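A short worksheet on the structure shown next.
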Amino acid sequence: MRRSSSCGSALHYTEYVDAIDYDPEGSMFCARSSDLDALRCVAACIRKAKADPQVLADAIQNADPSVIE
C-alpha cells in the first residue's frame, strides 16, 4: 500500500482539494474520490481529530463557514 508523503504532516492537504467530493447526509460524513491517496489523507485527518480534541477544535474553528451546516 503506497502512502502519500504528505499524509499525516498537517491537516491541510491542499493538493487534494479538487480530488475529493463530500456528500454528507444528516449526521453521516462521506468523502468520495477516485484518488486513493486523497482518501488516505482524509482518513489521516479524521484519525488525528479523533485522537486529539484540540486538533478537532482547531479544524472546526478554521473551517470554511460556507461548507459547514
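General remarks:
- Residues of the stretch 16-50 classified as open to solvent by less than 70 Å² (accessible area, probe 1.4 Å) and part of a helix (DSSP H, G or I), total: 13
- Taking every residue in the stretch 28-43 that is more than 13 Å from V17 (Cβ to Cβ) and pairing it with any residue that is hydrophobic (A, V, I, L, M, F, W, C) and part of a loop (DSSP other than H, G, I, E, B), at least 6 positions away or on another chain, the pairs with Cβ-Cβ distances below 6 Å are R40/C7.
- Scanning the stretch 56-69 for residues that are open to solvent by less than 60 Å² (accessible area, probe 1.4 Å), out of contact with any Leu (no Cβ under 9 Å at 6 or more places or on another chain) and either at pLDDT below 90 or part of a loop (DSSP other than H, G, I, E, B) (or both) yields a count of 1.
- The stretch 25-48 - residue that is touching an Asp or Glu at 6+ places or on another chain (Cβ under 7 Å) and not charged (D, E, K, R) and, of those, modelled with the highest pLDDT: S33
- The one condition from (1) surrounded by 10 or more Cβ atoms within 10 Å (Cβ to Cβ); (2) modelled with pLDDT of 80 or more that P53 does not meet is (1).
The values are calculated or read from the model by the stated rules, or taken from the named source; none is laboratory data. Only a predicted model underlies this, so the values are computations on that prediction, with no experimental measurement involved. Virtual Cβ from ideal backbone geometry, glycine too; neighbours counted across all protein chains shown. For the accessible areas, the whole protein counts, side chains as well, though only heavy atoms, and no ligand, DNA or RNA atoms are used. Shrake-Rupley method; radii C 1.70, N 1.55, O 1.52, S 1.80 Å.
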